[in-house]
Amino acid sequence: MYKKIITSFYFSLFLFFLFDYSIAEEKINPTWMVVDSTKNQVTFNLKAAYNGNNGSWNYNGFYNGSAQIVVPTEWDVLIKFHNPDGNYRHSVAIIKSFSSDKIPEEAGAELVAVPRAYSVGPEHGCLSCKEDIKFKAKNRDDYKIGKYAVFCGVPGHGAVGMWIGFSVKEDIDSPYVVYFKALMDSKDAKPLF
């Protein structure tokens, strides 16, 4: 009897992890990503405060790493950043990845991990603004991991979840986005796909 219970428990645990991980991550090609493979260029239209998710501190409705942008190395990247919010300042800075217990409180230009990959004054942000941020997707000589975050550098914003993942990979042919639904609150509005 004991052996049957243990076997049943482990089988149930196996099914849980199999099912959970199969729906937890989804590769998407969202409308806010435009790829030009002939020129090795990608454009991401990122809108701060897209909806009410995470108290409106999100990019296109995603927050807390619930989306991961993945770009081939040496591609030209254009982030068309738009903050329609007239009440709260927001910004964009590509910073090194961090552990959940060491999320930066703010991110100025000194924390930027990819050259030129930040909006003007990321620690200050802007109100009701639009800005184009152009850079080449490549890893720094002193940081080979290739995992970063698109982070709102305004004090407190990134720390409460206003960030999504950003990776530079050598072994892919085209950019894509990974959606981690499990990282979002089940009551949230649908993010922009």
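The values are calculated or read from the model by the stated rules, or taken from the named source; none is laboratory data. Please read all numbers here as calculations on a predicted model, not as lab measurements. Cβ coordinates were reconstructed from backbone atoms using ideal geometry, including for glycine residues, and neighbour counts include every protein chain displayed. To get the accessible areas, we keep the full protein, side chains included, count just its heavy atoms, and leave off ligands, DNA and RNA. Shrake-Rupley method; radii C 1.70, N 1.55, O 1.52, S 1.80 Å.
General observations
- Per residue accessible area in Å² of region 60-193, where ligands, DNA and RNA are left out and the probe is 1.4 Å: 48 Å²
- Separation of the ASP76 and VAL178 label points, Cα + 7 Å toward Cβ, nm: 2.8 nm
- FRET efficiency, 1/(1 + (r/R0)^6) with R0 45 Å, evaluated for ILE28 and GLU110 via beta carbons: 0.85
- Stretchable slack from LYS102 to ALA189, in nm (0.36 nm times residue separation minus alpha-carbon distance): 28.6 nm
- When each of the peptides 169-177, 72-80 is scored by how many other beta carbons lie within 10 Å of its residues on average, the order from highest to lowest is 72-80, 169-177.
- Projected over every direction and averaged, the convex hull enclosing the alpha-carbon atoms of region 74-193 yields 8.2 nm².
- In terms of accessible area, using a 1.4 Å probe and ignoring ligands and nucleic acids, GLU123, GLU110 rank largest first as GLU110, GLU123.
- The convex hull around the C-alpha trace of region 50-129, projected and averaged over every direction, spans 5.8 square nanometres.
- Three-way shape label, region 20-75, alpha-carbon gyration tensor, a/c 1.5: oblate
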